[in-house]
Amino acid sequence: MLITTRTALLTGSASGLGKRTAIELAQKGINTVINYRNSEKEASELKTYITENFGVECTVIQGDIASVRDCEKIIHHCIAEHSHIDILINNAGPYVHERKHLIDYDMDEWKYIIDGNLNGVFCLLKYFVPKMREKKWGRIINFGFERADTAPGWIYRSAFAAAKVGLVSLTKTVALEEAKYGITANMVSPGEIIGHWKESNILDAQGKNDENTPVGRPGTGEDIARTISFLCDEKSDFITGSVIPITGGKDVLSKRLGSY
């Protein structure tokens, strides 16, 4: 079990997979910093739930990871409230749901997607990694998508795919550069976990049939959160530079690529 002095910053964690991960870490005695962009009510409710149920510190900070100024605000909040961050979980990342070809993006849209999924991660790493070095310990978890480590094409998702594929290389590079300082860097790549399942537990999904997933049940937020919790464990220091698909065996990207 992780020791109670660890503190985690989770970007984009007021709802969905980020929320379920925050709860998982809090259950293990980890202090949490909940970051949100627009979901103030949900973030406040999550803070109350965590502090009342798990006896750990939990603070909330608004900020858009695509903004350097907001990243700096988040950093200052973390230092003021917790003095350090041991675990950095980069879950936030803007995504354009509209199906758009590359040439239909304008420069502002393109830049926002790249900033939110790649440059914002760099900004947080640039500050927190030296602090992790000082403590000779750190855990960095980035979110990708299925097969991002193979640099696949993804029709209608050019900006998002390009940013996440870049994040794969960044993850592996940080893993190599920081290994001697006791810092690990890994990526989780969730499969098709949708709707209320993002915040659900595995027990909720057991017995629910999903004929399109080889394991036979829907994926849940707990599937992602348990993997992240394992990677953050004190004894998981031999796992670094890894990209871990969590898909239930489903070839999610092929389905998306076939949606012309």
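Solvent-accessible surface of the chain, averaged per residue with a 1.4 angstrom probe and all protein chains in place: 47 square angstrom. Taking amide hydrogens as placed 1.01 Å from N in the peptide plane, the amide H of residue 242 sits under 5 Å from those of 187, each at least 5 positions away in sequence or on another chain. Using the charge dipole of the stretch 33-141 (Lys, Arg: +1 at Cβ; Asp, Glu: -1 at Cβ; taken about the Cα centre), state which of 79, 121, 137 has its Cα farthest towards the positive end. Of the candidates, 137 comes out farthest on the positive side.
Its Cα centre serving as origin, the stretch 53-137 has a Cβ charge dipole (Lys and Arg +1, Asp and Glu -1) of approximately 440 debye. Considering only 109, 98, 57, the mean-square fluctuation computed in a Gaussian network model of the chain, springs between alpha carbons under 10 angstrom, is largest for 98.
A full extension of the chain between residue 51 and residue 84 corresponds to an added length of 10.0 nm, given 0.36 nm per residue minus the alpha carbon distance. Measuring only protein heavy atoms, the 1.4 Å probe finds residue 181 accessible over about 50 Å².
Against the criterion of solvent-accessible heavy-atom surface with a 1.4 angstrom probe, 107, 132 sort, most first, into 107, 132. Taken as entire DSSP H runs, the helices of the chain that both span 18 Å or more between Cα atoms along their own long axis and average -0.5 or more on the Kyte-Doolittle scale are 68-82, 120-135, 158-178.
Mean-square fluctuations from a GNM of the chain, with a 10 angstrom spring cutoff on Cα atoms, peak among 204, 115, 223 at 204.
Counting only cysteine Cβ atoms and a cutoff under 4.7 Å, the chain contains unmatched residues 58, 78, 232. The H on the amide N of residue 144, modeled in the peptide plane, is under 5 Å from the matching H of 188, 189, each at least 5 residues off or on a different chain. The value obtained for the chain, namely the Cα convex hull volume divided by the number of residues, is 124 Å³ per residue. The slack in the chain from residue 234 to residue 134, taken as 0.36 nm per residue of separation less the alpha-carbon distance, amounts to 34.3 nm. Accessible surface of the chain, 1.4 Å probe: 51 percent of it comes from carbon and sulfur atoms. The stretch 94-172: Rg/Rh from Cα coordinates, Kirkwood Rh? Looking at the stretch 94-172, the ratio lands at 1.05. Note on residue 202/residue 5: beta-carbon distance plugged into 1/(1 + (r/R0)^6) with R0 of 25 Å gives a FRET efficiency of 0.30.
If the chain between residue 194 and residue 100 were fully stretched, how many nm would it gain, using 0.36 nm times the residue separation less the Cα-Cα distance?
Fully extending the segment from residue 194 to residue 100 adds 31.7 nm.
The values are calculated or read from the model by the stated rules, or taken from the named source; none is laboratory data. What you are looking at is a predicted structure, and each value in this text was computed from that prediction instead of being measured. Counting neighbours? That spans all protein chains shown, and the Cβs are built from the backbone with ideal geometry, glycine included. Accessible surface is based on the protein model in full, side chains and every heavy atom, while ligands, DNA and RNA are left aside. Shrake-Rupley method; radii C 1.70, N 1.55, O 1.52, S 1.80 Å.
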